[in-house]
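This report concerns only the one structure given below.
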Amino acid sequence: MDDAASQYFDAAIALLRRARDEESAGIAAAASALADAVADGGRIFAFGAGHSSLAAQDLVYRAGGLALVNLLAVPGAVGVDVMPATLGSALERVSGLAATVLDASPARRGDVLIIVSLSGRNALPVEMAQHARALGLTVIGVTSLAYARTGSRLKDHCDIVLDTKIAVGDTELSLPTLPAPFAPASTVVTSALLQAVVATAIAALAERGITPPVLRSGNVDGGLDWNRRVFADYGDRIFYQH
């Protein structure tokens, strides 16, 4: 294997091991919040802006995942499909946008909101967490505490925080012949953390004697019929079907 590829895998594996070993309490707490929401009639939302949205989107309408996770989308900030792509980054810094989006969403007291932001420093995720808590939602923040040195950060406005361990700048490799470091790992680690939370929540629901609303792949026999039953049973809490 190419040396750079091997180094990247080693770096990603080391970060995943740290997340597993150091974030077990946070994973358990976040999973309990999701399981409680499912059991108590609550709804689950996930938000991220730019590349942070990738891990949030990975929870939504996901084979093997909870059907009740809904994407809380902010137009223009949910990825890099907006033109120009830099507009999405600019929108993350607009104050007041988060409250407007939350107030227009179906989120309500007792629901859970997962907010993904690597730096946790921009107005959109910070104000999203602040307003969500004011509305009575349980907020789970997924961020890198390495960024949280000064000022108000996402971590300061969450009920539960998961630390991705990602270094400032989100690069794992460097070369003496290149002027800038490269190879980001935040998506790998953040997705793994959140899938670990969902897996733990599903197992917790099963332990409580509750059949979790898990989706199946539409590419396995019976998968589409299974999903239709889940949508019928939980349709009032699934907003990507409407």
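The values are calculated or read from the model by the stated rules, or taken from the named source; none is laboratory data. These figures come from a predicted structure and were not determined experimentally. Here Cβ is always computed from backbone atoms with ideal geometry, including for glycine, and neighbour counts include all displayed protein chains. For accessibility, only protein heavy atoms count, side chains too; no ligands or nucleic acids. Shrake-Rupley method; radii C 1.70, N 1.55, O 1.52, S 1.80 Å.
First check a/c for the range 25-174, with a ≥ b ≥ c the square roots of the eigenvalues of its C-alpha gyration tensor; if it is under 1.5, answer rounded, and if not, answer prolate when a/b is larger than b/c or oblate otherwise. Rounded, because the longest to shortest axis ratio a/c is under 1.5. Rounded, prolate or oblate: which fits the range 95-198 when a ≥ b ≥ c are the square roots of the eigenvalues of the alpha-carbon gyration tensor, with rounded for a/c under 1.5 and prolate only if a/b beats b/c? It is prolate, given that a/c is not under 1.5 and a/b is the larger ratio. Tell me the carbon and sulfur percent of the accessible area for the chain, rounded to whole percent, probe radius 1.4 Å. Answer for the chain is 55 percent, counting heavy atoms of protein chains only.
Accessible area, 1.4 Å probe, largest first: how do His157, His51 sort?
Working: His157 35, His51 125 Å².
I get His51, His157, largest accessible area first.
Helix 223-234 axis versus longest C-alpha principal axis of the chain: approximately 70°, rounded to the nearest ten. Rounded to the nearest 10 square angstrom, Ser6 shows an accessible area of 40 square angstrom against a 1.4 Å probe. Against the longest alpha carbon principal axis of the chain, how many degrees, from 0 to 90 and to the nearest 10, is the axis of helix 123-134 turned? Helix 123-134 sits at roughly 30 degrees to that axis.
Answer with one residue from His51, Leu72, Leu16: the one whose Cα lies farthest towards the positive end of the charge dipole of the range 1-86, charges on Cβ with Lys, Arg +1 and Asp, Glu -1. The one lying farthest along the dipole's positive direction is Leu72.
Assign one of three labels to the range 150-191, namely rounded, prolate or oblate, based on the Cα gyration tensor with a ≥ b ≥ c the square roots of its eigenvalues; rounded applies when a/c is under 1.5, prolate when it is not and a/b is larger than b/c, and oblate otherwise.
Details: a/c = 4.96, a/b = 2.08, b/c = 2.39.
Since a/c reaches 1.5 but b/c is at least a/b, the shape of the range 150-191 is classed as oblate.
Size of the dipole of the chain about the Cα centre, Lys and Arg at +1 and Asp and Glu at -1 on the beta carbon, nothing else charged, in debye to 20?
Value, rounded to 20: 440 debye.
Tell me, in nm to one decimal, what length is gained between Ala5 and Glu207 on full extension, where the rule is 0.36 nm per residue of separation less the Cα-Cα distance?
Details: separation 202, 0.36 × 202 = 72.72 nm, distance 4.03 nm.
So the extension gain works out to 68.7 nm.
Per residue, the accessible area of the range 171-242 comes to 58 Å², computed with a 1.4 Å probe over protein heavy atoms only.
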